[in-house]
Amino acid sequence: MAGGLFMGGAIAALFATALPLSNSNPVFDNPPPDKIVISVATVNGSGCPQGTAAVAVSPDNTAFTVTYSDYLAQVGGNADPTAFRKNCQLNLNVHVPQGFTYAIASADYRGFASLQAGASSTEKASYYFQGSPNTASITHPFRGPYGDDWQATDTTDWAQLVWAPCGVQRNFNINTELRVNAGTSTPGSSSFMTMDSTDGDISTVYHLAWKECPAA
């Protein structure tokens with residue numbers, strides 16, 4: 001793993017409208033018996049053209065995966081001058097079984113980067129529930145020379161998890177960004193960072209924690 005990203009109080013502040021729950025400890029290994037259903041309400045951005053992003057829920061309901069098939073930022077070579085930055089804004093409908101609520105406990109990102117000496121890149125992620133006035137962003141930097149797979153993980157301590165409101169439908173928004181800077185690299189040389197792969201799609205996994213809502 002190239003390095004970790006850590007969510008602190010700023011991420012917890014995104015979910016300040018959450019209601020009290022029926023117990024004090026998060027339930028990571030006891031998801032609801034019925035399936036959650038996650039669908040993409042809207043998808044926008046140069047990193048995820050129409051039809052290139054998909055969402056799937058794990059069989060045990062403890063995670064969901066966003067798969068990208070055309071997510072590449074690059075500079076130099078024959079790259080378009082605007083290709084140095086790519087982003088993807090996902091607005092997700094999350095239908096949770098009655099009586100449960102969830103929090104995003106962590107998010108795993110991965111891809112491939114090829115950076116010339118003197119070049120740099122960043123992966124950035126922002127998270128917020130629909131209707132929340134706060135958006136927290138986390139940026140992870142990489143520096144050349146670099147030519148390898150990369151991974152980054154955003155995590156939240158359980159004590160800082162704040163949960164989606166019980167009994168209220170709130171879409172979950174994820175905005176990711178890749179940015180590549182030529183810096184002092186050799187003029188015209190190519191550097192890039194990707195969330196896709198020539199031999200298959202690269203997936204971003206969001207791990208869920210669960211709690212039962214208090215009885216009405």
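The values are calculated or read from the model by the stated rules, or taken from the named source; none is laboratory data. Since the structure is predicted, the reported quantities are computational estimates derived from the model, not experimental observations. Don't worry about glycine lacking a Cβ; one is built from the backbone with ideal geometry, like all the others, and counts go over all protein chains shown. Heavy atoms of the whole protein, side chains included, go into the accessibility calculation; ligands, DNA and RNA do not. Shrake-Rupley method; radii C 1.70, N 1.55, O 1.52, S 1.80 Å.
Numerical summary
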item	result
Any hit, segment 195-216, residues being loosely packed, with under 15 Cβ neighbours inside 10 Å, among the small types (Gly, Ala, Ser) and modelled with pLDDT of 80 or more	no
Qualifying residue in segment 23-32 (condition: part of a strand (DSSP E or B), of a type outside the set (D, E, K, R) and either open to solvent by 30 Å² or more (accessible area, probe 1.4 Å) or modelled with pLDDT under 50 (or both))	yes
Contacts under 8 angstrom Cβ, first residue in segment 37-64 being under 14 Å from residue 96 (Cβ atoms), partner exposed (fewer than 15 other Cβ atoms within 10 Å of the Cβ) and among the aromatic types (Phe, Trp, Tyr), 6 or more apart	62/28
Members of segment 154-191 found to be at pLDDT 95 or above, open to solvent by 60 Å² or more (accessible area, probe 1.4 Å) and over 18 Å from the mean Cα position of the chain (by Cα), listed by number	181, 184, 186
Cβ-Cβ under 6 Å pairs, at least 6 apart or on other chains, segment 172-188 side of a type in the set (Asp, Glu), far side at pLDDT below 95 and open to solvent by 10 Å² or more (accessible area, probe 1.4 Å)	177/124
Segment 43-64, residues that are at pLDDT below 85, assigned to a strand (DSSP E or B) and not aliphatic (A, V, I, L, M)	64
Qualifying residue in segment 106-114 (condition: assigned to a strand (DSSP E or B), touching a residue at least 12 places away in the same chain (Cβ under 8 Å) and under 25 Å from residue 213 (Cα atoms))	yes
